[in-house]
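Below you'll find the structure, written out as structure tokens, and then a few comments.
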Amino acid sequence: MMTKRTKLVLYSMTGLVIVMVAAIAWRYRPYAFHGMVMSSPELAPNFTLTSSATGEPVSLRDFRGKIVLLYFGYTTCPDVCPATLSDVAEALDLLGNKAKDVQLLWISVDPERDTPEIMEDYVKHFDPTFIGLTPKNAEETFEVATQYGIYYEKRDYGSATGYLMDHTATLTLIDKDSYVRVVYPFGTEPKDLAADLKYILNRW
């Protein structure tokens, strides 16, 4: 028959084992991304558009080896677009030196008004590393947007800007090997985006 002291020792050891197992499980738990995780075996659709900075062709594949954050928007957007670019800029600041391995590409869904000059001034206002891409025409815009599941439509709400563009406000993360990994909803916190970027940069 066990003594009271023996029981206490056993209980203490059992408790210690439980704590150790829980700590190990916590350390090696699956990472929880802050957006919709994608697992397509296909590479992200490649595209070639025009850089608002240089007027030269720019392809998605040019950035292989970096994480690409892909966003579709327009410069006269009154709220969602500037908020998203501000959040991305803040997330990159949180990354510090690791930010050099992340590239934001902004594709205009309003090429009628978003000239290269306007695009360039706009994206650089948020971060000097951001790259604006302008499609040659509406057909090119539609083709690229459709490949990424982006909806957009011109709407006349009586705005002072003439019209607004309803559009999908997600941010797409494409990893260093050109696979779509995560799609973020509008309003994702910069700290959460930075945490995901840091995790991927350290792992891949």
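The values are calculated or read from the model by the stated rules, or taken from the named source; none is laboratory data. Quick caveat, the model's predicted, so the values are computed rather than measured. FYI the Cβ positions are ideal-geometry reconstructions off the backbone, even for glycines, and counts take in every protein chain you see.
Looking at LYS176, LYS136, can you tell me which residue is modelled with pLDDT under 95, exposed (fewer than 13 other Cβ atoms within 10 Å of the Cβ), touching a strand residue (DSSP E or B) at 6+ places or on another chain (Cβ under 9 Å) and part of a loop (DSSP other than H, G, I, E, B)? Spell out the reasoning first.
Working: LYS176 fails: exposed (fewer than 13 other Cβ atoms within 10 Å of the Cβ).
Just one listed residue meets the conditions, LYS136.
So which residues in the stretch 39-52 are surrounded by fewer than 17 Cβ atoms within 10 Å (Cβ to Cβ), out of contact with any Lys or Arg (no Cβ under 6 Å at 6 or more places or on another chain) and not acidic (Asp, Glu), if there are any at all?
As a first pass, look at the stretch 39-52 and keep what is surrounded by fewer than 17 Cβ atoms within 10 Å (Cβ to Cβ): 39-43, 45-46, 48.
When the remaining residues are screened for being out of contact with any Lys or Arg (no Cβ under 6 Å at 6 or more places or on another chain), the result is 39-43, 45, 48.
SER39, SER40, PRO41, LEU43, PRO45, THR48, listed by residue number.
Any idea which residue in the stretch 60-96 is farthest from THR172 (Cα to Cα), counting only those that are β-branched (Val, Ile, Thr) and outside any helix (DSSP H, G or I)?
Restricting to residues being β-branched (Val, Ile, Thr) and outside any helix (DSSP H, G or I), the top hit is THR76.
Could you count how many residues in the stretch 179-191 are surrounded by 16 or more Cβ atoms within 10 Å (Cβ to Cβ) and either among the charged types (D, E, K, R) or out of contact with any helix residue (DSSP H, G or I) (no Cβ under 6 Å at 6 or more places or on another chain) (or both)? Lay out the reasoning, then the answer.
Narrowing the stretch 179-191 to residues surrounded by 16 or more Cβ atoms within 10 Å (Cβ to Cβ): 179-184, 188, 190.
Retained after the next criterion (residues that are either among the charged types (D, E, K, R) or out of contact with any helix residue (DSSP H, G or I) (no Cβ under 6 Å at 6 or more places or on another chain) (or both)): 179-184, 188.
Count: 7.
Check the stretch 97-116 and report whether any residue there is acidic (Asp, Glu), in contact with a strand residue (DSSP E or B) (Cβ under 8 Å, 6 or more places away or on another chain), within 21 Å of LYS66 (Cα to Cα) and not in a helix (DSSP H, G or I).
Just the residues of the stretch 97-116 that are acidic (Asp, Glu), to begin with: 101, 110, 112, 114.
From what's left, in contact with a strand residue (DSSP E or B) (Cβ under 8 Å, 6 or more places away or on another chain): 101, 110, 114.
Filter again for within 21 Å of LYS66 (Cα to Cα), leaving 101.
When the remaining residues are screened for being not in a helix (DSSP H, G or I), the result is none.
Checked the stretch 97-116: no residue is acidic (Asp, Glu), in contact with a strand residue (DSSP E or B) (Cβ under 8 Å, 6 or more places away or on another chain), within 21 Å of LYS66 (Cα to Cα) and not in a helix (DSSP H, G or I).
Filter the stretch 59-96 down to the residues that are under 21 Å from ASN202 (Cβ atoms) and either touching a Phe, Trp or Tyr at 6+ places or on another chain (Cβ under 8 Å) or of a type in the set (D, E, K, R) (or both) and list them by number.
So in the stretch 59-96, the residues under 21 Å from ASN202 (Cβ atoms) come out as 63-69, 88, 90-96.
The answer is ARG64, LYS66, VAL88, GLU90, ASP93.
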